[in-house]
Amino acid sequence: MRSFAVLIPLSLLAAPAAAQPAVGPLVRPIAVIEATLTGQPISPPSGPVRVTVSETTIAPGERLPPHKHPYPRIVQVLSGRLKVTHLDTGTVSEPAPGDWLVDSVDQWHEGVVVGDEPVRLLTIDQAPPGAAVTVPRP
């Protein structure tokens, strides 16, 4: 009888703990990117960096003139359609709304809005403090 009396309180203490959900954040990966749009490995700059998050809106019919990025630029297409032509490789990309990508590094490219809807981009740059993140073609 004595052991029975001990088992009841222990089982009552254990039951509520087993019913509680796990503690901690729920992490759901949104994108995993291992290369730039042109297949380059992604290598962040060494040393201290400044992180800049920007939203860019490009009007219908507007073009992005030839330019390049000296450091990886993470991009999410929020809306609209953008055709990107990589001048060094000849590769053409048309990321869709919701897509995440990493721009090519040190390769000239240009863009044009496709369709009647503005393109909205969320960009994340990691570059040494004071460094240019976009270089226009001379």
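For this structure, a couple of remarks:
- For the range 86-138 and the range 31-73, distance of Cα centres in Å: 6 Å
- Translational diffusion coefficient (Stokes-Einstein; Kirkwood radius from C-alpha pairs) of the range 56-109 at 25 °C, 0.890 mPa s, in µm²/s: 208 µm²/s
- Long-range amide H partners of THR38 with built H, under 5 Å: SER104
Readers should treat all values here as calculations from the given coordinates under stated rules, not as data from a laboratory. Here the structure is a predicted model, which means the values were calculated and not measured.
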